[in-house]
1. Quick check on the chain: helices-only [θ] at 222 nm, where DSSP H runs of length 4 and up contribute -39,500 (n - 2.57) each and the sum goes over total residues. Nearest 500, please.
2. If all Cα-Cα distances of the chain are sorted into 5 Å bins from 0 onward, what percent lands in each bin, rounded to whole numbers?
3. Which semi-axis lengths, in whole Å and largest first, follow from the square roots of five times the eigenvalues of the Cα gyration tensor of the stretch 19-74?
4. Pulled fully out, how much extra length does the chain show between residue 5 and residue 79, if you take 0.36 nm times their separation in residues and subtract their Cα-Cα distance?
5. Could you work out how far helix 57-78 tilts from the main Cα principal axis of the chain, as a 0 to 90 degree angle to the nearest 10?
6. What spacing in nm lies between the two simple spin-label points modelled at residue 118 and residue 134, each 7 Å away from Cα in the Cβ direction?
7. If you fit an axis through the alpha-carbon atoms of helix 123-137 and take the longest principal axis of the Cα set of the chain, what angle between them do you get, 0 to 90°, nearest 10?
8. Give me the one-decimal nm value for the distance between modelled label points at residue 61 and residue 15, 7 Å along each residue's Cα-to-Cβ direction.
Ligand code: AMP
Ligand code: ZN
């Protein structure tokens, strides 16, 4: 249920920093530290499951319900023209962190996506963006 070597388990347990948008007993939404675009958010279950294949279906439903709510707030906060949602399973699919997570990426007309891991946002920027998204979540 908790993997000591997993960064997302550490975030879920508050043992590593995160710019959090939402959390409850089961799930958490926080900003990606290498955002593809401003507002790039990740949704995770708090318990450690590797990928779509070993996550219980009820929890997967909860993760995606939270993804919908988060995407709505992200869209409003960033004024995005579109939102890409993706979730990678297995190294061959580009998964680097083996704790299931859904990416919510704001998209703007004509803006191309860069490569994963090419950007790095500082904590202050991430906290500021998280606060803007959080405000939309409560409205
Ligand atoms: P994936 O390639 O689908 O496994 O995505 C992993 C994502 O986790 C990447 O977009 C990373 O930028 C992101 N990431 C890695 N470490 C952290 C962290 N400590 N806080 C927030 N996001 C992270
Ligand atoms: Zn984990």
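1. Mean residue ellipticity at 222 nm (helix-derived): -10000 deg cm²/dmol.
2. P(r) over the chain, rounded to whole percents: 2, 10, 21, 24, 23, 14, 5, 1, 0.
3. Semi-axes, largest first: 20, 12, 10 Å.
4. Between residue 5 and residue 79, full extension yields an extra 23.0 nm.
5. 20
6. According to this spin-label approximation, the distance is 3.1 nm.
7. It is inclined by approximately 90 degrees.
8. 3.2
Every read-out reported here was derived from the displayed coordinates using simple, explicitly stated rules and does not represent laboratory data. The shown structure was predicted, so the numbers you read here are calculated from the model rather than taken from an experiment. Glycine also receives a Cβ, built like all others from the backbone with ideal geometry; neighbour counts cover every protein chain displayed.
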